[in-house]
Amino acid sequence: MLAVARRGALIAIPALLLCLAADARAAIRAAEAARRVDRLLASETPSQVAEDAQDDAETVEPVPPADDETFLRRLSMDLIGENPSPEEIAAFALDPAEDKRARAVDRLLADPQFGQNWARYWRDVFLYRRSDERALIVSNSVVVYLTEHLNRGTPWDELARSFICATGNLREEGSTALIAAQWGETPEIASEVSRIFSGIQIQCAQCHDHKTDRWKRTQFHELAAFFPRVRIRNIRLEGQPRGFEVVSADFGPRNPKAIPGKPNRRAEHYMPDLEDAAAEGTLMTPVFFVTGQELPLGTPDGERRTQLAEWLTGPDNPWFAKAFVNRIWAEMVGQGFYEPIDDLGPDRDCSAPKTCELLAKQFEAHDYDVKWLFRTIALTEVYQRASRAESAAGSTLLAARCPQRLRGDQLFNALTAALGIGEPARSGREDRLPPAQRALRSPRAQFNLAFGFDPSEPREEISGSIPQALFLMNAPAISAALDADRQGTELAKLLGECSDNEQVAVELYLRCLAREPSQKELDTCLDYVEQVGERREAFEDIAWALLNTTEFLYRK
C-alpha cells in the first residue's frame, strides 16, 4: 500500500491502482502516437495510391476499416498467435463501445500467450539460420526465457544485451540462442548480431568491400574481433544427457596466464589473407563499425561483448531502434519500411523515412517498451483497414494491410483449436534420443518442419508446398479429429448436439475462419449437404475444405 495526504487524512492507494493508471497513460500516449503515424504516413506516400488509379486522385476511394470479425482475428493472430473463440467473436461484434478495438488491444497484450507467441517468433529468427543442428537444444529454453521477459515488459535493449553477452548451459539459459545458433563461430556471430539487432547485413563485406553499401571488409573483421573468445564446450551433469554451454575463453590451453601489455594471440581475431590462405592474416582491433568506437587488444571476452552491446543499443546507433520497428511493422502491417526487413542502412531506400524515424525515436523515448510499440501500431488506421493484396493496394503502407501467411506455430494453434484436439504431450521415450533429435520430435516441432519458415525472408517468397498438403492429408490426429463417426471428436459432438445444418455450418466457419459465412457460402454448404445425402460425411468434407482455404492459412 501507498498513502497520500488529502484534506488532513491519509488515503491508502493500492499499488495496483497506480499500475492501472500507468497503463491508462501508456494507452493514451500510444493512441496519440498512432494518430501522428497515420498523418505522417499519409503525407509521405499520397501519390502512390493515386498512380494506381490512373493518376486521378479524386477517384481514389480510401480503403475502409476492416469489419469487426476480420480485425479481431487479425489482432488475435498478431498478438497471441491464436484465433479468437466463437464466444469472443460474438461478444466483440455485439459490443457497441467506440473504444472496443483499443480495449481488445490492451486485453491481448496482457494475455500470457503474447509473450509465448513472440518468443516463438524470435526463436525462429535466431535458429532458422543456424550453422549447426545441435543448436536446436536451445529451442525450448529460448522460448521460456523470452516468454517470461516479454510478458514482464523487459525493454528490448536489455534483451538484446542479454543475447550478445550470454553465457551458460544451452538447455537452461535461453539467452544463449544467438551464439548457439552459430555454434560459437566468430564471423557468423558477428554477422547475426549486426543483422538481427541493427538490420545491417555487414556479412556481405566478409570477403570484400560491400558491393552496394559503404561498409568495408576491414569493418566486418573489426566487428568480428569482439567475439574470438566465445566458445561452446561440452558439459556432463550427473544424471543428465550430454549438454553444451557458452563460455568465455580468454586464455588458450598453452597460455593459461595473460601477459600484461601483450595480447594473447590465441584469443584474437585475424582477417584472412585472400592471397595466401595459409598466412596468419591481419590482427584486428575490436571496432564497432557504426560509431567507430573501439577497445584495445587483450580486452577480456566479457568486457568486449558487454561494451559492444552498450554501443549497439546506445543512442549513437540509430539502426538499433529502426531494426526492431521495421520488423514489427512488417509483421503487423505486411510490408516493412525497408525491404527485406533485415537489410537497413544509410545506403538503403526507405519507403516512408519520416514515419520510420518517428516510430524509432518514440520507441527509444519509451525506453524500448515492446508492448508500447505493438499497441501503437495496432491503433493506427493503416493497421485497422481492410486488407488488399500488394499488387492491388498500390502503396500498401498507406492503402491497406497486406495479407500475411501464418507462421507454423500460429497455424498449429489455429488447427488444433478448430479441431478441438489440444497439443499432445511428449512421450517419455523421446528423452533417450540425442538432444537435437529430441527437439524435433514434439508434434508442434514436426508441424513446423512442414509449415514453418524463416521470418526474416520476404513473405512473397513463402508459398505452399506438396509436403504441406501431404502432411495435412496423412496426419493421424487430423484424420481422427475430422471423423464425424468417431465418438468424442468435436465434429461428432457438434453434429450430435445440433440438428440444424445452418447452425453447424456457421459454427464451423467461426471455428476455422473466425467469422460467419456469407449467405452465398452458407447456401453452398447447405446445398452440398443435401447433394451428398449423408450429413456426417458432408460436414467432414466441409470442415476439411475450410482447413485448406487460403483464408485459413493467412491472416488478412
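Assorted remarks:
- Which listed residue is on the phi > 0 side of the Ramachandran plot and either small (Gly, Ala, Ser) or surrounded by 15 or more Cβ atoms within 10 Å (Cβ to Cβ) (or both), from ALA514, ALA480: ALA514
- Residues of segment 124-141 satisfying the condition of being in contact with an Asp or Glu (Cβ under 9 Å, 6 or more places away or on another chain) and either charged (D, E, K, R) or within 15 Å of GLN182 (Cβ to Cβ) (or both): ASP124, VAL125, PHE126, TYR128, ARG129, SER131, ASP132, VAL138
- Elements of type helices (runs of 4 or more DSSP H) contained in segment 367-477, each with 2 or more residues being touching a Pro at 6+ places or on another chain (Cβ under 9 Å), modelled with pLDDT under 95 and not assigned by TED's automatic domain parsing to the domain that holds ALA42: 435-438, 443-451
- Pairs are defined by a Cβ separation below 9 Å, a sequence spacing of at least 6 or placement on different chains, a first member in segment 452-475 that is under 18 Å from VAL333 (Cα atoms) and without any contact (Cβ under 8 Å) to a residue 40 or more places away in the chain, and a second member that is among the small types (Gly, Ala, Ser) and in a helix (DSSP H, G or I); no pair meets this definition.
- Residues located in segment 263-320, provided they are hydroxyl-bearing (Ser, Thr, Tyr) and under 30 Å from ASP369 (Cα atoms): THR291, THR306, THR313
- Cβ separations smaller than 8 Å between residues 6+ apart or across chains give the following pairs from segment 274-295 residues that are touching a residue at least 40 places away in the same chain (Cβ under 8 Å) to residues that are among the hydroxyl-bearing types (Ser, Thr, Tyr) and part of a loop (DSSP other than H, G, I, E, B): PRO286/THR299; GLU294/THR285; LEU295/THR285.
- Enumerated helices (runs of 4 or more DSSP H) restricted to segment 146-205, each holding at least 2 residues that are surrounded by fewer than 22 Cβ atoms within 10 Å (Cβ to Cβ): 156-164, 186-198
- The set of residues in segment 325-377 that are in contact with a strand residue (DSSP E or B) (Cβ under 7 Å, 6 or more places away or on another chain) and aliphatic (A, V, I, L, M) contains only VAL333.
- Scanning segment 117-146 for residues that are of a type in the set (S, T, N, Q) and more than 28 Å from ILE235 (Cβ to Cβ) yields one hit, ASN117.
- Here ASN326 meets the list (1) under 30 Å from LYS556 (Cα atoms); (2) assigned to a loop (DSSP other than H, G, I, E, B) almost entirely, failing just condition (2).
The values are calculated or read from the model by the stated rules, or taken from the named source; none is laboratory data. Small disclaimer: the values here were computed from a predicted structure and weren't measured. We place every Cβ from the backbone using ideal geometry, glycine too, and count neighbours over all the protein chains shown.
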